[in-house]
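This structure is in structure tokens; I'll ask about it shortly.
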Amino acid sequence: MRYYGADLLGLNAYERHKKFMDDYGRYYGKGNSVEGQKLPVKTDQDTLRESYRFIRTEEDDLDASWEQRLAKRYYDKLFKEYCIADMTHYKYGKIGLRWRAEKEVISGKGQFICGNKKCDERGDLSSYEVNFSYREAGEIKQALVKLRICPKCATKLNYRKEKEQAKAQKAEERENRKRRREEQHICKSKSYSREKELTLADMKVLNEQQGASRSSPAMITSELEGDDAVDPQPEGAREGGTDEEYSKYFKGLFL
């Protein structure tokens with residue numbers, strides 16, 4: 001005990017308190033030292049993260065808890081004409097927006113200086129109305145807000161949308177090329193079928209013409225064998241004419 005009292009000499013009240021609590025935890029708290037334990041502490045910043053709303057509603061204002069009163073007091077100090085954007089992950093279509101604080105309004109950030117958090121461009125700024133879709137308190141909400149940014153940051157703002165449009169345009173062009181190839185293939189097939197049909201028809205006509213040319217001597221013969229056909233035998237021959245008469249007859253026939 002004398003040695004324990006010697007350990008307390010030269011300590012102020014707070015140091016003695018810490019030593020007592022540490023010894024109590026070591027000897028009576030199953031080896032758990034109070035000095036080594038970090039008790040959870042909820043700060044005002046943690047409370048604001050839980051209770052803050054991007055746009056407060058009447059239902060939020062009806063809650064009279066000190067957390068909601070703190071969040072409302074902070075919300076009332078914000079300036080809600082223009083937003084400040086965080087475009088760190090713009091390639092993934094994720095852009096964070098928040099209202100401006102007093103020091104940003106005084107410096108002109110978000111109105112006369114580009115509203116991107118990491119951009120300080122002052123010239124050629126344009127105003128945009130952004131349909132801000134966000135998740136808050138387990139709900140998906142939407143709000144129409146204003147944002148003033150430079151042309152370079154405007155490209156980042158519309159990066160995801162332009163990428164999707166370019167992708168859709170490429171897909172449409174690819175589909176059109178595929179459709180044109182199919183149409184050309186169909187036209188070639190039809191043209192080939194027509195040529196094949198014409199070839200078959202020509203062959204049929206040619207066969208008919210060849211058949212007609214083969215049958216023409218028979219037709220002439222049949223015509224000659226009709227009622228008006230010329231009898232190759234002269235009258236003298238039928239009546240028993242001489243060879244001289246036959247010769248005269250054939251000679252006159254072939255002249």
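The values are calculated or read from the model by the stated rules, or taken from the named source; none is laboratory data. Bear in mind the structure is a predicted one, so any value in this text is a computation, not a measurement. Here the Cβ is made from the backbone with ideal geometry for all residues, glycine too, and neighbour counts use every protein chain on show. The accessibility values were calculated without ligands, DNA or RNA, using every heavy atom of the protein model including side chains. Shrake-Rupley method; radii C 1.70, N 1.55, O 1.52, S 1.80 Å.
Does Arg16 meet the test of being assigned to a helix (DSSP H, G or I), open to solvent by less than 90 Å² (accessible area, probe 1.4 Å) and at pLDDT 80 or above?
Criteria met by Arg16.
Name every residue in the range 70-101 that is touching a residue at least 60 places away in the same chain (Cβ under 8 Å), under 24 Å from the mean Cα position of the chain (by Cα) and open to solvent by 30 Å² or more (accessible area, probe 1.4 Å), in order of residue number.
Result: Tyr90, Lys91, Tyr92, Gly93, Ile95.
Any residue in the range 64-77 that is of a type outside the set (D, E, K, R) and assigned to a loop (DSSP other than H, G, I, E, B)?
There is at least one residue in the range 64-77 that is of a type outside the set (D, E, K, R) and assigned to a loop (DSSP other than H, G, I, E, B).
Do we have Glu104 as open to solvent by less than 50 Å² (accessible area, probe 1.4 Å), modelled with pLDDT of 85 or more and either out of contact with any Ser or Thr (no Cβ under 9 Å at 6 or more places or on another chain) or not in a loop (DSSP other than H, G, I, E, B) (or both) here?
For Glu104, the condition - open to solvent by less than 50 Å² (accessible area, probe 1.4 Å), modelled with pLDDT of 85 or more and either out of contact with any Ser or Thr (no Cβ under 9 Å at 6 or more places or on another chain) or not in a loop (DSSP other than H, G, I, E, B) (or both) - is met.
Which residues, taken from the range 135-154, are open to solvent by 30 Å² or more (accessible area, probe 1.4 Å) and either of a type in the set (Val, Ile, Thr) or part of a strand (DSSP E or B) (or both)?
Arg135, Glu139, Ile140, Lys141, Gln142, Leu144, Lys146, Arg148
If you don't mind, there's one more thing I want to ask. Of these, Glu162, Glu175, which one is open to solvent by 50 Å² or more (accessible area, probe 1.4 Å), more than 18 Å from Gly93 (Cβ to Cβ) and free of Cβ contacts under 8 Å to residues at least 12 places away in the same chain?
On inspection, the qualifying residue turns out to be Glu175.
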